[in-house]
(Lines give C-alpha, C1' and ligand atoms only; values in the text may rest on other atoms or scores of the structure.)
Protein backbone atom coordinates (compact mmCIF):
# COMPACT_ATOMS: atom_id res chain seq x y z
CA UNK A 1 0.00 0.00 0.00
CA UNK A 2 0.90 3.67 -0.30
CA UNK A 3 0.43 4.85 3.27
CA UNK A 4 0.39 8.41 4.56
CA UNK A 5 1.29 8.97 8.22
CA UNK A 6 0.51 12.33 9.87
CA UNK A 7 2.04 12.76 13.29
CA UNK A 8 5.15 13.53 15.32
CA UNK A 9 8.16 11.38 14.49
CA UNK A 10 11.91 11.30 15.06
CA UNK A 11 14.23 10.89 12.08
CA UNK A 12 17.16 9.19 13.81
CA UNK A 13 15.43 5.81 14.46
CA UNK A 14 14.47 5.70 10.76
CA UNK A 15 17.87 6.70 9.37
CA UNK A 16 18.64 3.21 8.02
CA UNK A 17 15.75 3.72 5.55
CA UNK A 18 16.94 7.19 4.45
CA UNK A 19 19.75 8.42 2.19
CA UNK A 20 22.15 11.38 2.20
CA UNK A 21 21.19 12.48 5.70
CA UNK A 22 22.96 15.43 7.28
CA UNK A 23 23.45 15.85 11.02
CA UNK A 24 20.65 18.41 10.87
CA UNK A 25 18.34 15.87 9.25
CA UNK A 26 19.03 13.19 11.87
CA UNK A 27 18.02 15.53 14.69
CA UNK A 28 14.69 16.54 13.16
CA UNK A 29 11.39 15.56 14.73
CA UNK A 30 9.13 16.04 17.72
CA UNK A 31 9.49 12.46 18.99
CA UNK A 32 7.01 9.64 18.73
CA UNK A 33 8.45 6.21 19.46
CA UNK A 34 5.21 4.36 18.72
CA UNK A 35 4.81 6.00 15.30
CA UNK A 36 8.44 5.37 14.35
CA UNK A 37 7.88 1.68 15.12
CA UNK A 38 4.93 1.31 12.75
CA UNK A 39 6.61 3.29 9.96
CA UNK A 40 9.61 0.98 10.22
CA UNK A 41 7.30 -2.04 10.21
CA UNK A 42 5.43 -0.90 7.10
CA UNK A 43 8.66 -0.34 5.16
CA UNK A 44 9.95 -3.79 6.15
CA UNK A 45 6.78 -5.30 4.68
CA UNK A 46 7.30 -3.49 1.37
CA UNK A 47 4.79 -0.66 1.76
CA UNK A 48 5.60 2.93 0.75
CA UNK A 49 5.21 5.51 3.52
CA UNK A 50 4.83 9.27 3.14
CA UNK A 51 5.14 11.07 6.47
CA UNK A 52 3.54 14.47 7.10
CA UNK A 53 5.12 16.00 10.17
CA UNK A 54 6.48 19.14 11.87
CA UNK A 55 9.62 20.48 13.53
CA UNK A 56 10.34 23.84 15.23
CA UNK A 57 13.64 24.34 13.37
CA UNK A 58 12.01 24.05 9.93
CA UNK A 59 10.90 27.41 8.51
CA UNK A 60 9.53 26.18 5.17
CA UNK A 61 8.64 22.85 3.59
CA UNK A 62 11.56 20.46 3.93
CA UNK A 63 11.75 16.96 2.44
CA UNK A 64 14.03 13.98 3.04
CA UNK A 65 13.66 10.66 1.24
CA UNK A 66 14.86 7.07 1.16
CA UNK A 67 13.81 3.60 0.11
CA UNK A 68 10.00 3.45 0.29
CA UNK A 69 9.86 6.53 2.52
CA UNK A 70 9.37 10.25 2.08
CA UNK A 71 9.25 12.61 5.05
CA UNK A 72 7.76 16.09 4.61
CA UNK A 73 8.37 18.64 7.38
CA UNK A 74 6.57 21.88 8.13
CA UNK A 75 7.06 24.43 10.89
CA UNK A 76 5.93 23.73 14.45
CA UNK A 77 5.50 26.79 16.65
CA UNK A 78 6.74 26.57 20.23
CA UNK A 79 6.02 28.99 23.07
CA UNK A 80 3.43 30.79 20.98
CA UNK A 81 0.38 32.16 22.81
CA UNK A 82 -1.31 32.75 19.46
CA UNK A 83 -1.07 29.02 18.86
CA UNK A 84 -3.14 28.42 22.00
CA UNK A 85 -6.10 30.40 20.74
CA UNK A 86 -5.95 29.77 16.99
CA UNK A 87 -6.21 26.00 17.51
CA UNK A 88 -2.84 25.38 15.80
CA UNK A 89 -4.14 26.70 12.46
CA UNK A 90 -0.69 27.16 10.97
CA UNK A 91 0.21 23.59 11.88
CA UNK A 92 -2.92 21.83 10.63
CA UNK A 93 -3.05 23.88 7.42
CA UNK A 94 0.48 22.78 6.57
CA UNK A 95 -0.48 19.14 7.15
CA UNK A 96 -3.61 19.55 5.00
CA UNK A 97 -1.63 21.18 2.17
CA UNK A 98 1.12 18.54 2.27
CA UNK A 99 -1.48 15.77 2.00
CA UNK A 100 -3.25 17.49 -0.90
CA UNK A 101 0.08 17.85 -2.73
CA UNK A 102 0.71 14.11 -2.34
CA UNK A 103 -2.87 12.94 -2.97
CA UNK A 104 -1.91 10.98 -6.10
CA UNK A 105 0.84 9.13 -4.22
CA UNK A 106 -1.11 7.82 -1.22
CA UNK A 107 -4.06 5.49 -0.69
CA UNK A 108 -4.87 6.52 2.88
CA UNK A 109 -3.63 8.79 5.67
CA UNK A 110 -3.34 7.62 9.28
CA UNK A 111 -3.18 10.61 11.66
CA UNK A 112 -1.90 10.06 15.18
CA UNK A 113 -3.32 11.94 18.16
CA UNK A 114 -6.57 13.87 17.88
CA UNK A 115 -5.16 17.36 17.43
CA UNK A 116 -3.42 19.34 14.64
CA UNK A 117 -2.31 16.28 12.66
CA UNK A 118 -5.81 14.82 12.74
CA UNK A 119 -7.50 18.12 11.82
CA UNK A 120 -5.19 18.61 8.83
CA UNK A 121 -5.87 15.05 7.69
CA UNK A 122 -9.65 15.39 7.96
CA UNK A 123 -9.61 18.74 6.11
CA UNK A 124 -7.70 17.13 3.23
CA UNK A 125 -10.79 14.98 2.60
CA UNK A 126 -8.80 11.80 2.03
CA UNK A 127 -9.62 8.26 3.17
CA UNK A 128 -8.28 8.37 6.68
CA UNK A 129 -7.84 6.68 10.03
CA UNK A 130 -7.47 8.79 13.19
CA UNK A 131 -5.54 7.05 15.96
CA UNK A 132 -6.28 8.25 19.49
CA UNK A 133 -3.31 8.08 21.85
CA UNK A 134 -4.61 10.00 24.84
CA UNK A 135 -7.87 11.08 26.49
CA UNK A 136 -8.05 14.86 26.29
CA UNK A 137 -10.52 15.39 29.18
CA UNK A 138 -8.29 13.41 31.57
CA UNK A 139 -5.17 15.27 30.42
CA UNK A 140 -6.91 18.59 31.12
CA UNK A 141 -7.98 17.36 34.55
CA UNK A 142 -4.37 16.74 35.58
CA UNK A 143 -2.81 19.60 33.57
CA UNK A 144 -5.03 22.62 34.16
CA UNK A 145 -3.63 24.94 31.50
CA UNK A 146 -5.34 27.06 28.83
CA UNK A 147 -3.36 25.19 26.15
CA UNK A 148 -4.92 21.90 27.27
CA UNK A 149 -8.40 23.45 27.20
CA UNK A 150 -7.98 24.41 23.54
CA UNK A 151 -6.56 20.94 22.83
CA UNK A 152 -9.75 19.47 24.27
CA UNK A 153 -11.84 21.55 21.84
CA UNK A 154 -9.67 20.30 18.96
CA UNK A 155 -10.20 16.73 20.16
CA UNK A 156 -13.98 17.22 20.22
CA UNK A 157 -13.91 18.60 16.66
CA UNK A 158 -11.93 15.56 15.49
CA UNK A 159 -14.40 13.16 17.09
CA UNK A 160 -17.32 14.88 15.33
CA UNK A 161 -15.69 15.20 11.91
CA UNK A 162 -13.47 12.13 11.58
CA UNK A 163 -14.81 9.07 9.77
CA UNK A 164 -12.64 6.19 11.00
CA UNK A 165 -10.95 5.77 14.37
CA UNK A 166 -8.53 3.50 16.16
CA UNK A 167 -7.32 3.45 19.76
CA UNK A 168 -4.04 2.20 21.17
CA UNK A 169 -5.79 0.41 24.05
CA UNK A 170 -9.12 -1.09 25.02
CA UNK A 171 -9.29 1.40 27.91
CA UNK A 172 -9.03 4.37 25.54
CA UNK A 173 -11.76 3.01 23.28
CA UNK A 174 -14.10 2.64 26.25
CA UNK A 175 -13.57 6.14 27.68
CA UNK A 176 -13.72 7.94 24.32
CA UNK A 177 -16.80 5.92 23.36
CA UNK A 178 -16.82 6.29 19.58
CA UNK A 179 -16.79 3.43 17.09
CA UNK A 180 -13.39 2.13 16.09
CA UNK A 181 -10.82 -0.62 16.43
CA UNK A 182 -8.14 -1.25 19.05
CA UNK A 183 -4.61 -1.40 17.64
CA UNK A 184 -1.89 -1.27 20.31
CA UNK A 185 1.65 0.07 20.28
CA UNK A 186 4.33 -2.30 19.06
CA UNK A 187 7.86 -3.50 19.72
CA UNK A 188 10.43 -5.01 17.35
CA UNK A 189 10.52 -8.77 17.92
CA UNK A 190 14.25 -8.95 17.18
CA UNK A 191 14.91 -6.68 20.18
CA UNK A 192 13.09 -8.88 22.71
CA UNK A 193 15.56 -10.33 25.21
CA UNK A 194 15.62 -13.48 27.35
CA UNK A 195 13.87 -13.60 30.71
CA UNK A 196 15.72 -12.40 33.80
CA UNK A 197 16.94 -14.46 36.72
CA UNK A 198 15.78 -13.46 40.21
CA UNK A 199 18.01 -10.77 41.78
CA UNK A 200 17.58 -12.19 45.29
CA UNK A 201 21.31 -12.97 45.70
CA UNK A 202 22.62 -9.78 44.07
CA UNK A 203 24.66 -7.34 46.13
CA UNK A 204 22.69 -4.42 44.70
CA UNK A 205 19.12 -4.59 43.44
CA UNK A 206 18.16 -1.80 41.04
CA UNK A 207 14.56 -0.59 40.87
CA UNK A 208 13.85 1.65 37.89
CA UNK A 209 11.25 4.44 37.69
CA UNK A 210 10.79 6.20 34.33
CA UNK A 211 8.42 9.13 33.83
CA UNK A 212 8.27 12.24 31.68
CA UNK A 213 7.17 14.79 34.27
CA UNK A 214 6.49 15.20 37.97
CA UNK A 215 2.99 15.71 39.34
CA UNK A 216 -0.23 14.13 40.55
CA UNK A 217 -0.74 12.17 37.32
CA UNK A 218 2.71 10.58 37.39
CA UNK A 219 2.49 10.04 41.16
CA UNK A 220 6.23 9.77 41.95
CA UNK A 221 5.83 10.50 45.66
CA UNK A 222 4.01 7.18 46.13
CA UNK A 223 7.01 5.41 44.59
CA UNK A 224 9.41 7.21 46.91
CA UNK A 225 7.30 6.51 49.99
CA UNK A 226 7.00 2.83 49.07
CA UNK A 227 10.74 2.59 48.54
CA UNK A 228 11.37 4.21 51.93
CA UNK A 229 9.16 1.56 53.57
CA UNK A 230 10.89 -1.24 51.66
CA UNK A 231 14.35 -0.13 52.77
CA UNK A 232 13.40 -1.02 56.34
CA UNK A 233 13.13 -4.65 55.19
CA UNK A 234 15.74 -4.84 52.42
CA UNK A 235 18.84 -2.66 52.57
CA UNK A 236 20.67 -3.58 49.34
CA UNK A 237 18.22 -1.78 47.05
CA UNK A 238 18.47 1.36 44.94
CA UNK A 239 15.76 3.42 43.25
CA UNK A 240 16.80 5.15 40.01
CA UNK A 241 14.52 7.92 38.72
CA UNK A 242 14.66 8.83 35.01
CA UNK A 243 12.95 11.56 33.01
CA UNK A 244 12.19 15.25 32.92
CA UNK A 245 11.70 16.52 36.47
CA UNK A 246 14.07 13.97 37.98
CA UNK A 247 17.33 15.87 37.55
CA UNK A 248 20.12 15.53 40.14
CA UNK A 249 19.91 18.42 42.61
CA UNK A 250 16.79 19.72 40.84
CA UNK A 251 13.74 21.29 42.48
CA UNK A 252 11.99 17.97 43.04
CA UNK A 253 15.16 16.41 44.42
CA UNK A 254 15.43 19.26 46.93
CA UNK A 255 11.76 18.96 47.93
CA UNK A 256 12.05 15.22 48.54
CA UNK A 257 15.34 15.72 50.37
CA UNK A 258 13.49 17.88 52.89
CA UNK A 259 10.93 15.09 53.26
CA UNK A 260 13.68 12.57 53.98
CA UNK A 261 12.78 10.39 50.99
CA UNK A 262 16.05 10.39 49.05
CA UNK A 263 18.19 7.79 50.80
CA UNK A 264 19.49 5.24 48.24
CA UNK A 265 17.54 7.18 45.56
CA UNK A 266 19.36 8.34 42.42
CA UNK A 267 17.89 11.19 40.36
CA UNK A 268 19.21 10.55 36.84
CA UNK A 269 17.32 13.07 34.67
CA UNK A 270 16.74 12.74 30.92
CA UNK A 271 18.49 10.29 28.60
CA UNK A 272 18.24 9.52 24.89
CA UNK A 273 15.81 6.70 24.21
CA UNK A 274 18.62 4.29 23.34
CA UNK A 275 20.52 5.05 26.54
CA UNK A 276 17.33 4.84 28.58
CA UNK A 277 16.66 1.35 27.22
CA UNK A 278 20.17 0.29 28.24
CA UNK A 279 19.49 1.54 31.77
CA UNK A 280 16.16 -0.29 31.83
CA UNK A 281 17.82 -3.52 30.68
CA UNK A 282 20.28 -3.25 33.58
CA UNK A 283 17.43 -2.88 36.08
CA UNK A 284 15.80 -5.63 38.12
CA UNK A 285 12.30 -4.13 38.41
CA UNK A 286 10.24 -1.36 36.84
CA UNK A 287 8.06 0.56 39.30
CA UNK A 288 5.34 2.52 37.49
CA UNK A 289 3.02 4.50 39.78
CA UNK A 290 1.25 6.63 37.14
CA UNK A 291 -2.45 7.16 37.88
CA UNK A 292 -3.47 6.92 34.21
CA UNK A 293 -1.99 5.61 30.98
CA UNK A 294 -3.69 5.48 27.60
CA UNK A 295 -1.21 2.71 26.81
CA UNK A 296 2.15 3.00 28.60
CA UNK A 297 4.95 2.26 26.15
CA UNK A 298 7.44 1.83 28.97
CA UNK A 299 5.49 -1.26 30.05
CA UNK A 300 6.14 -3.15 26.82
CA UNK A 301 9.73 -1.88 26.79
CA UNK A 302 10.23 -3.37 30.25
CA UNK A 303 8.62 -6.66 29.21
CA UNK A 304 10.89 -6.77 26.15
CA UNK A 305 13.90 -6.61 28.47
CA UNK A 306 12.51 -9.28 30.78
CA UNK A 307 12.11 -6.71 33.57
CA UNK A 308 9.08 -7.46 35.80
CA UNK A 309 6.67 -4.54 36.20
CA UNK A 310 4.75 -3.28 39.22
CA UNK A 311 2.02 -0.84 38.15
CA UNK A 312 -1.46 0.46 38.92
CA UNK A 313 -4.48 -1.84 39.00
CA UNK A 314 -6.75 1.09 38.07
CA UNK A 315 -4.32 3.14 35.97
CA UNK A 316 -6.16 3.33 32.66
CA UNK A 317 -4.78 0.87 30.11
CA UNK A 318 -2.15 -0.59 32.46
CA UNK A 319 -4.13 -3.72 33.51
CA UNK A 320 -5.00 -4.45 29.86
CA UNK A 321 -1.38 -4.09 28.71
CA UNK A 322 -0.20 -6.35 31.56
CA UNK A 323 -2.85 -8.96 30.71
CA UNK A 324 -4.79 -8.21 33.89
CA UNK A 325 -1.97 -9.18 36.21
CA UNK A 326 -0.60 -12.23 34.39
CA UNK A 327 2.27 -10.31 32.78
CA UNK A 328 2.93 -7.80 35.55
CA UNK A 329 2.13 -7.15 39.19
CA UNK A 330 -0.89 -4.88 39.73
CA UNK A 331 -1.21 -2.78 42.89
CA UNK A 332 -3.10 0.12 44.43
CA UNK A 333 -0.65 2.88 43.50
CA UNK A 334 -2.15 5.18 46.13
CA UNK A 335 -1.09 2.75 48.87
CA UNK A 336 2.70 2.93 49.48
CA UNK A 337 2.58 0.02 51.94
CA UNK A 338 0.97 -2.26 49.34
CA UNK A 339 3.52 -1.16 46.73
CA UNK A 340 6.34 -1.92 49.16
CA UNK A 341 4.87 -5.35 49.93
CA UNK A 342 4.70 -6.26 46.22
CA UNK A 343 8.25 -5.04 45.64
CA UNK A 344 9.43 -7.19 48.53
CA UNK A 345 7.53 -10.20 47.15
CA UNK A 346 9.18 -9.96 43.74
CA UNK A 347 12.64 -9.39 45.20
CA UNK A 348 12.49 -12.28 47.66
CA UNK A 349 10.36 -14.81 45.75
CA UNK A 350 12.49 -16.29 42.96
CA UNK A 351 9.63 -18.25 41.40
CA UNK A 352 7.26 -15.27 41.29
CA UNK A 353 9.93 -12.93 39.88
CA UNK A 354 10.88 -15.25 37.03
CA UNK A 355 7.24 -16.07 36.33
CA UNK A 356 6.48 -12.38 35.73
CA UNK A 357 9.61 -12.01 33.59
CA UNK A 358 8.66 -14.99 31.37
CA UNK A 359 4.97 -14.08 31.19
CA UNK A 360 5.81 -10.50 30.25
CA UNK A 361 7.91 -11.64 27.30
CA UNK A 362 5.21 -14.08 26.14
CA UNK A 363 2.54 -11.38 26.48
CA UNK A 364 4.63 -9.09 24.30
CA UNK A 365 5.26 -11.75 21.64
CA UNK A 366 1.59 -12.73 21.47
CA UNK A 367 0.07 -9.23 21.34
CA UNK A 368 2.49 -6.39 20.68
CA UNK A 369 5.15 -7.36 18.13
CA UNK A 370 5.77 -5.01 15.23
CA UNK A 371 4.58 -7.58 12.67
CA UNK A 372 1.30 -8.29 14.50
CA UNK A 373 0.48 -4.61 15.04
CA UNK A 374 1.40 -3.46 11.53
CA UNK A 375 -0.82 -6.15 10.02
CA UNK A 376 -3.74 -4.92 12.15
CA UNK A 377 -3.22 -1.43 10.69
CA UNK A 378 -2.98 -2.77 7.12
CA UNK A 379 -6.21 -4.73 7.55
CA UNK A 380 -7.99 -1.59 8.75
CA UNK A 381 -6.52 0.55 5.95
CA UNK A 382 -7.74 -1.94 3.34
CA UNK A 383 -11.23 -1.92 4.85
CA UNK A 384 -11.37 1.89 4.83
CA UNK A 385 -10.09 2.24 1.26
CA UNK A 386 -12.50 -0.42 -0.01
CA UNK A 387 -15.46 1.26 1.71
CA UNK A 388 -14.51 4.80 0.74
CA UNK A 389 -16.52 6.50 -1.96
CA UNK A 390 -13.56 8.78 -2.76
CA UNK A 391 -10.33 7.23 -3.97
CA UNK A 392 -7.01 9.02 -4.11
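The values are calculated or read from the model by the stated rules, or taken from the named source; none is laboratory data. None of the values given here were measured: they were computed from a predicted structure. All Cβ positions, glycine included, derive from the backbone under ideal geometry; neighbour counts span all protein chains shown.
Below is a table of values for the structure above.
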quantity: Matching option when the condition is touching a residue at least 12 places away in the same chain (Cβ under 8 Å), out of contact with any helix residue (DSSP H, G or I) (no Cβ under 8 Å at 6 or more places or on another chain) and more than 26 Å from residue 372 (Cβ to Cβ), among 28, 54, 21; calculated: 28
quantity: Given (1) assigned by TED's automatic domain parsing to the domain that holds residue 323; (2) buried (at least 16 other Cβ atoms within 10 Å of the Cβ); (3) farther than 25 Å from residue 81 by Cα, number of the condition residue 200 does not satisfy; calculated: (2)
quantity: Complete set of residues in segment 1-18 that are in a helix (DSSP H, G or I) and either without any contact (Cβ under 8 Å) to a residue 24 or more places away in the chain or surrounded by 22 or more Cβ atoms within 10 Å (Cβ to Cβ) (or both); calculated: 12, 14, 15, 16
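Per-residue answers, yes or no, for (1) surrounded by 13 or more Cβ atoms within 10 Å (Cβ to Cβ); (2) assigned to a strand (DSSP E or B); (3) in contact with a helix residue (DSSP H, G or I) (Cβ under 7 Å, 6 or more places away or on another chain):
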{"site": "139", "(1), (2), (3)": "yes, no, yes"}
{"site": "144", "(1), (2), (3)": "no, no, no"}
{"site": "172", "(1), (2), (3)": "yes, no, no"}
{"site": "175", "(1), (2), (3)": "yes, no, no"}
{"site": "184", "(1), (2), (3)": "yes, no, yes"}
{"site": "190", "(1), (2), (3)": "no, no, no"}
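Residue-by-condition table, conditions (1) assigned by TED's automatic domain parsing to the domain that holds residue 212; (2) buried (at least 17 other Cβ atoms within 10 Å of the Cβ); (3) at pLDDT 95 or above; (4) in contact with a helix residue (DSSP H, G or I) (Cβ under 9 Å, 6 or more places away or on another chain):
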{"site": "125", "(1), (2), (3), (4)": "no, no, yes, yes"}
{"site": "128", "(1), (2), (3), (4)": "no, yes, yes, yes"}
{"site": "131", "(1), (2), (3), (4)": "no, yes, yes, yes"}
{"site": "147", "(1), (2), (3), (4)": "no, no, no, yes"}
{"site": "156", "(1), (2), (3), (4)": "no, no, yes, yes"}
{"site": "163", "(1), (2), (3), (4)": "no, no, yes, yes"}
{"site": "167", "(1), (2), (3), (4)": "no, yes, yes, yes"}
